[in-house]
Each structure stands twice: as structure tokens, then as C-alpha cells.
Amino acid sequence: MALAIGSAAPDFELVNQHGEKISLSSFKGKKNVVVLFYPFAFSGICTGELCALRDDLSSFQNDSVELIAISCDPMYANKVFAEQEGYKFQVLSDFWPHGAIAKSYGVFEESRGCATRGTFIVGKDGNLKWQVVNSLGEARNVVAYKEALAAL
């Protein structure tokens, strides 16, 4: 089920890699948010995608944009993953209830128990501005969501 552009983005409150609760609604009125679902910590494509964001972080996390990466991995796996790769952005755990947030965004892959590669841009108003969903084995085009952010 795809979310409708212009509709309210499903809110969430999840723990980051440090065990801190982070909610989407906490950014409302303050920042646009890139919500990026990825299948598995430590996997090749996921690591490559998140490292590309890390290496160009100012495009995705600055005074007007917050980057949030979400997987169904446990918080402790995300913590080691983020530390090992030097991620300076929020890495959230949608572990329990397993994949509940990924399901609310329509990107949970039941047969694998993980999120697919969904990327959503939520505006400061809390509404969905842009989205793209790639299959598990298909890497994202980082340039596409840089362009979408520039258009806000």
C-alpha cells in the first residue's frame, strides 16, 4: 500500500542506536525529514547506501533537514553498525512490535521479516512530500532524493 503524497506521514516513536526515543512528530514545524528504511545492518547494499549518505551528510542533515534511517534490527545491532561505519545520523530500531512502522509505511517484506528500501521525505508540516520504494536487491539513487529535497 503506497502512501499518498500530501497525506500525513505515519508518526512513530522508536529508539535510536543510543537507546534514546526519537519521534517523527518532534521535527514538525522545525525540519523536513528524510525517513529511509533499510533491510539489514551490515549487509553490502545497505552499508554502501548509508555510507554514501554519511559521506555527503550535509545534503541530508542540516538546519532544515533531518536524516533518519530505520531497520527492523535490534537497537544493539544498530549501535554496533553505526559505530563501525561512523554514522552521525539517527539509526532507529523497528524491532518490536516487529516491523510495525515499516508496515505503516507499506515497506515491510513479510517473507523476509525486514523493511524494503523505502525512502520518504516528510515536510515540516508533517505531510509526505516525496517517496520511492526499491526492492531488496536494488540500491537507491541518492541523487534522486537530493533533487527532491532541493525542490522543497
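Brief remarks on what is shown
- Some residue of the stretch 63-70 being more than 23 Å from Ala8 (Cβ to Cβ), part of a strand (DSSP E or B), touching a residue at least 12 places away in the same chain (Cβ under 8 Å) and out of contact with any Gly (no Cβ under 8 Å at 6 or more places or on another chain): no
- Residues of the stretch 12-49 satisfying the condition of being under 19 Å from Asn127 (Cα atoms), of a type in the set (D, E, K, R) and free of Cβ contacts under 8 Å to residues at least 40 places away in the same chain: Glu13
- Subset of the stretch 71-98 that is acidic (Asp, Glu) and not in a loop (DSSP other than H, G, I, E, B) - its residue that is farthest from Asn16 (Cα to Cα): Glu85
- All positions within the stretch 18-58 that are of a type in the set (Gly, Ala, Ser) and under 28 Å from Arg112 (Cβ atoms): Gly19, Ser23, Ala41, Ser43, Gly44, Gly48, Ala52
- Matching residues, the stretch 28-51, being over 14 Å from the mean Cα position of the chain (by Cα), surrounded by 14 or more Cβ atoms within 10 Å (Cβ to Cβ) and assigned to a helix (DSSP H, G or I): Ile45
- One residue stands out among those in the stretch 84-141 that are farther than 14 Å from Cys46 by Cα and of a type in the set (Ser, Thr, Tyr): the one that is modelled with the lowest pLDDT, which is Ser111.
- Verdict on Lys21 being farther than 10 Å from Leu92 by Cα, surrounded by fewer than 14 Cβ atoms within 10 Å (Cβ to Cβ) and modelled with pLDDT of 95 or more: no
- Looking at Val107, Val91, just one residue is of a type in the set (A, V, I, L, M, F, W, C), out of contact with any helix residue (DSSP H, G or I) (no Cβ under 7 Å at 6 or more places or on another chain) and touching a residue at least 60 places away in the same chain (Cβ under 8 Å), and that residue is Val107.
This table checks each residue for (1) more than 19 Å from Lys28 (Cβ to Cβ); (2) surrounded by fewer than 16 Cβ atoms within 10 Å (Cβ to Cβ).
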| residue | (1), (2) |
| --- | --- |
| Leu92 | no, no |
| Ala102 | yes, no |
| Phe108 | yes, no |
| Ser111 | yes, yes |
| Gly123 | no, no |
| Leu128 | no, no |
| Arg140 | yes, no |
| Leu149 | no, no |
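- Among residues of the stretch 124-138 that are over 15 Å from Ala151 (Cα atoms) and free of Cβ contacts under 8 Å to residues at least 40 places away in the same chain, those with a beta-carbon under 6 Å from a residue that is buried (at least 16 other Cβ atoms within 10 Å of the Cβ) and not polar (S, T, N, Q) at least six positions away or on a different chain give the pairs Asn134/Arg117; Asn134/Arg140.
The values are calculated or read from the model by the stated rules, or taken from the named source; none is laboratory data. In this text the structure is predicted, and so the values were computed from the model without any measurement. With ideal geometry, Cβ positions are generated from the backbone for all residues, glycine too; neighbour counts draw on all protein chains shown.
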